[in-house]
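The values are calculated or read from the model by the stated rules, or taken from the named source; none is laboratory data. Quick caveat, the model's predicted, so the values are computed rather than measured. Neighbour counts are summed over all protein chains in view; Cβ atoms, including those assigned to glycine, are modelled from backbone coordinates with ideal geometry. Quick note on the areas: whole protein, heavy atoms, side chains included, nothing else; ligands and nucleic acids left out. Shrake-Rupley method; radii C 1.70, N 1.55, O 1.52, S 1.80 Å.
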Amino acid sequence: MVVEDDPALRRLIAKILTAQGYDVLAVANGVKAVGRAAALGRGTLALMLCDLRMPAMPGVEVAAQVTALHP
């Protein structure tokens with residue numbers, strides 16, 4: 001999962017990871033990231049790259065909540 005509020009940077013990171021063979025779920029903010037993570041089966045996510053400074057929910061909080069769903 002890529003969590004980045006800058007659309008251009010989010011697309012670039014997703015493009016690079018996809019080119020390397022990864023399945024990428026890219027979201028624009030922390031609230032969406034937690035919601036998408038909750039909708040997935042437990043333990044489905046293997047890696048999350050997250051912007052630390054985002055509006056509404058800081059990256060540290062996003063990481064804590066997503067990690068609780070996908071240890």
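Summary of values
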| item | result |
| --- | --- |
| Three-way shape label, the chain, alpha-carbon gyration tensor, a/c 1.5 | oblate |
| Mean residue ellipticity (222 nm) of the chain, computed from DSSP H runs ≥ 4 via -39,500 (n - 2.57), nearest 500 | -14500 deg cm²/dmol |
| Choice from ALA39, ALA14, ALA28 showing the highest fluctuation, given a GNM over the chain with Cα pairs closer than 10 Å | ALA39 |
| LYS32-LEU12 pseudo-label distance in nm [points 7 Å out on the Cα-to-Cβ vector] | 1.8 |
| Heavy-atom accessible surface of the stretch 1-52: percent carbon and sulfur, 1.4 Å | 58 |
| Relative contact order (%) - the chain, alpha-carbon pairs under 8 angstrom, separation at least six | 36 |
